[in-house]
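Reading through the structure tokens given below for one structure.
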Amino acid sequence: MAKLYFRYGAMGSSKTANAIMVWYNYHERGQNALLLKPAVDTRDGKFTIRSRSGLQAECTLFDALDLDKVRAHAYDCLIVDEAQFLTKEQVELLVRIVDEYQVPVICYGLRTDFQGNFFPGSHWLLALADSIEEVKTICWCGRKATHNARLDGKGGITRQGEQVVLGANDKYIGLCRRHWMEGDPGPGLRAEDLARRKEDGQ
């Protein structure tokens with residue numbers, strides 16, 4: 001029985017690395033898994049996904065998904081990276097693929113944005129997925145990171161701006177709820193630490 005999986009985690013939790021490894025495992029076993037991403041994610045190029053650890057793979061844009069091939073069972077699994085950027089209609093399409101065509105779908109993405117609000121894709125995946133799993137990572141303090149913070153470039157975090165601003169380590173960090181609420185990005189990223197580094201010529 002095919003299922004729709006949503007595997008979510010904070011920034012830096014190796015979601016993309018996991019997606020690539022699952023895709024690789026399917027191919028290693030002689031099965032055909034299709035790696036997808038929403039068109040809005042152009043950070044690593046139009047047809048590439050890349051993890052912070054350096055793993056990368058070629059992918060297909062979600063909008064270019066060939067439903068005829070899906071119906072014909074040309075794919076043993078669909079794997080979607082950056083699934084938080086999916087629309088409600090796209091998530092509903094994945095539900096149909098699972099229920100009507102019996103093709104498993106594994107989605108990886110963020111649960112909430114830097115303001116603590118759901119992304120549209122995450123909202124509907126949490127509502128409709130058969131299986132919801134957390135990909136864990138830690139805050140600088142050692143607690144589990146549950147929130148995504150957008151760095152302001154001055155040693156703090158910001159809660160102002162557009163929901164979607166593409167970036168990685170240079171723009172975002174995963175924090176525990178306490179440090180996200182306090183706006184504390186941790187040692188080395190606080191304004192006083194950055195000022196000290198500047199004085200020391202680092």
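The values are calculated or read from the model by the stated rules, or taken from the named source; none is laboratory data. Since we're looking at a predicted model, the values are computed, not measured. Ideal geometry is used to build each Cβ from the backbone, glycine not excepted, and the neighbour counts take in all protein chains shown. Just so you know, the surface numbers come from the protein's heavy atoms only, side chains and all, with ligands and any DNA or RNA stripped out. Shrake-Rupley method; radii C 1.70, N 1.55, O 1.52, S 1.80 Å.
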Original post:
What's the carbon and sulfur percent of the chain's accessible surface, probe 1.4 angstrom, rounded to a whole number?
Top reply: 48
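Can you give the helix-only mean residue ellipticity at 222 nm for the chain, where every DSSP H stretch with n ≥ 4 adds -39500 (n - 2.57) and the sum goes over all residues, rounded to the nearest 500 deg cm²/dmol?
Numbers: 6 runs with 57 residues, N = 202.
Calculated mean residue ellipticity at 222 nm is -8000 deg cm²/dmol.
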Subject >> Per principal axis, descending, Cα span of the chain in whole Å >> reply: 63, 31, 28
Original post:
Sorted by mean Cβ packing within 10 Å, highest first, what order do the peptides 128-141, 14-27 take?
Top reply: 14-27, 128-141
**OP:** Considering the options Thr137, Val105, Gly186, tell which one lies farthest towards the positive end of the dipole of the chain, charges being +1 on Lys and Arg and -1 on Asp and Glu at the Cβ, about the Cα centre.
**Re:** Gly186
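Over the residues of the range 41-141, compute the C-alpha Rg and express it relative to 2.2 N^0.38 Å.
Output field value: 1.14.
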**OP:** Classify the range 55-96 as rounded, prolate or oblate, taking a ≥ b ≥ c as the square roots of the eigenvalues of its Cα gyration tensor: rounded when a/c is under 1.5, otherwise prolate if a/b is larger than b/c and oblate if not.
**Re:** oblate
**OP:** Calculate, for the chain, the solvent-accessible area per residue in square angstrom, rolling a 1.4 angstrom probe over the heavy atoms of the protein chains.
**Re:** 51
Subject >> When the convex hull of its Cα atoms is projected in every direction, mean area for the range 12-90 (nm²) >> reply: 5.4
**OP:** Cross-chain or 8 or more residues apart, Cα under 25 Å: how many lysine pairs in the chain fit that? Count them up, please.
**Re:** 27
**OP:** Only bridges with both residues in the chain count here: give the DSSP antiparallel percent, nearest 5.
**Re:** 40
